[in-house]
Amino acid sequence: MECGPCKWLEKKRQSRCLVLVVVFVALLLDNMLLTAVVPIIPSFLYDTEYNHENASMTYSSSPTPATNSTIISTMSLRDNSTIFIGGQYNENTGNESQGLLNDGPCYSGVGFLQDENVRIGLLFASKAMLQLLVNPLVGVITNRFGYDAPMFCGFIIMFFSTIMFAFSGTYTLLFLARAMQGIGSSFSSVAGLGMLASVYPDDFERGKAMGIALGGLALGVLSGAPFGSIMYEFVGKSSPFLVLAILALLDGVLQLCILRPSTFSPSTNAPTPYITLLKDPYIMVAAGSLCIANMAIGILESTLPIWMMETMCSPNWQLGVVFLPASLTYLLCTNLFGTLSHKMGRWLCSMVGMVVEGVSLLCLPLAVNIYGLIGPNTGIGIALGMVDSSIMPIMGYLVDLRHTSVYGGVYAISDIAFCLGFALGPAVGGPIAKTIGFSWLMVIIGVANILYAPLCIFLRNPQAKEEKQAILNPECSMQTRTYMTQKISPDLQLSDPSDDEITNTPNGTKMTLH
């Protein structure tokens, strides 16, 4: 006799809502880790590499007698405690003394910060690059073995990546931890979105469920950056990652209770080949919209904190809090437009979102302090919420309309587009910001969003494949005035004889007229 808790658990495993909860939590933790490192890494590398190098140079030089004019400085993150006695010139900062204590939070080593654009861009892009490469493989795995086991594999990889972030003290180890996160994120994202598409076959319900799941993504982005910056500032570098590791363990327990990672449940339908999906123009337009829109966030994550350090002399906590308006509005809009985009037209919602994002990016360099960044970041969050909550359901609908309803492949392509934006953004944005400046970088990506937006019109009325037209639209066959049939048995009768006029043709077949 089966025990009561086992029966309850077996019953709950059939619940679509709990599947949605599992995907929500997985995306939440993935994106908390994704954004928690954004304000930490630039400041951590500056503190450990630049200040350590200057401290070594200072202490290795011969001491100056106390009677002479000396320079007394403390090696902190910001060069805000330098005292000049006797008006000497400070070779480390290149500034001339006025005999006063410099209380401003400005950073020294501007050249070091500019060079960090490239290194930090590559580090942030490593996650998306690995995820980009692994996504096709994960799509094949989910099609063959189902979604539960790959989802649990994603949790295991993410847990070890989080632990590695906590105890890494060099650029190389941080790079490896970020790359490992990309592999785990690939398993979680592709398997999670494919699982939702399979348990929510109705287009309206699927859009609503996708909006809620993307709300988990948004909540992770929302809380990750402020959480990481505040914990790093007041507790230490390892603290945010250890907390995330504990939350990841709880997520693993939840997956063990709700999913079946020890069993394989492949789809009974043959999946559409990747090459066929990649040749579909509608899927490519939707994927391009995801890529261009999310590329802006990838660029901002790697360049905005450094730009703030250079131009606004921002303290550590502001480097993460600056993303709060975008994250909060993204959280609200993914849930709002998950339902609203179905009514207004998902193609229109994504097109308007890309235009709004382009305008917001053009306004971003006009800010002179953190308060001036609130408006543009709010617009970016609204725009991303509109685009993501519209395109994700469109991907599932396009597969239902034009291909086999197996979703591992199409959501692997969606995640590839998403990752391509987050890979190209930091990798290309860093060198561009160093070469022509942050302002021109924002102009380039903003104009790219505005120019791409009209292509979303092609998603307004996608054409169904001929072989799927009758399945998705059974009434379409009734549009034909006459058709020829062979004599059929009563149990396979297609229409009511009382409503039709049946006539015999000279060759012995029957013609039914509607």
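Label point of residue 439 set 7 angstrom out along Cα-Cβ; within the range 297-328, amide nitrogens under 15 Å from it belong to 307-308, 311-312. Which FRET efficiency value, to the nearest 0.05, do you get for residue 250 and residue 133 by plugging their Cβ-Cβ distance into 1/(1 + (r/R0)^6) with R0 = 22 Å? That pair, residue 250 with residue 133, gives E of 0.15.
Quick one: grab the alpha carbon gyration tensor of the range 191-336, order the square roots of its eigenvalues as a ≥ b ≥ c, and give me rounded if a/c is under 1.5, else prolate or oblate depending on whether a/b is larger than b/c.
Values: a/c = 2.42, a/b = 1.50, b/c = 1.61.
The shape class here is oblate.
At R0 = 45 Å, how high is the FRET efficiency between residue 235 and residue 144 if r is their beta carbon distance? Nearest 0.05 is fine.
Computed FRET efficiency for residue 235 and residue 144 comes out at 0.55.
Under the 0.36 nm per residue contour assumption, what length would be gained going from the current alpha-carbon distance of residue 368 and residue 344 to full extension? Before the final figure, lay out each step's value.
On the way: separation 24, 0.36 × 24 = 8.64 nm, distance 3.69 nm.
Full extension of this stretch gives 5.0 nm more.
Straightening the chain between residue 203 and residue 167 buys 8.5 nm, computed as 0.36 nm per residue apart minus the Cα-Cα spacing. Could you list the residues of the range 390-422 with an amide nitrogen less than 15 Å from a label point located 7 Å from the Cα of residue 274 in the Cα-to-C-beta direction? Those under the cut-off are 408-420.
Quick note: the coordinates plus some simple rules give every number you see, no bench work behind them. Since we're looking at a predicted model, the values are computed, not measured. With ideal geometry, Cβ positions are generated from the backbone for all residues, glycine too; neighbour counts draw on all protein chains shown.
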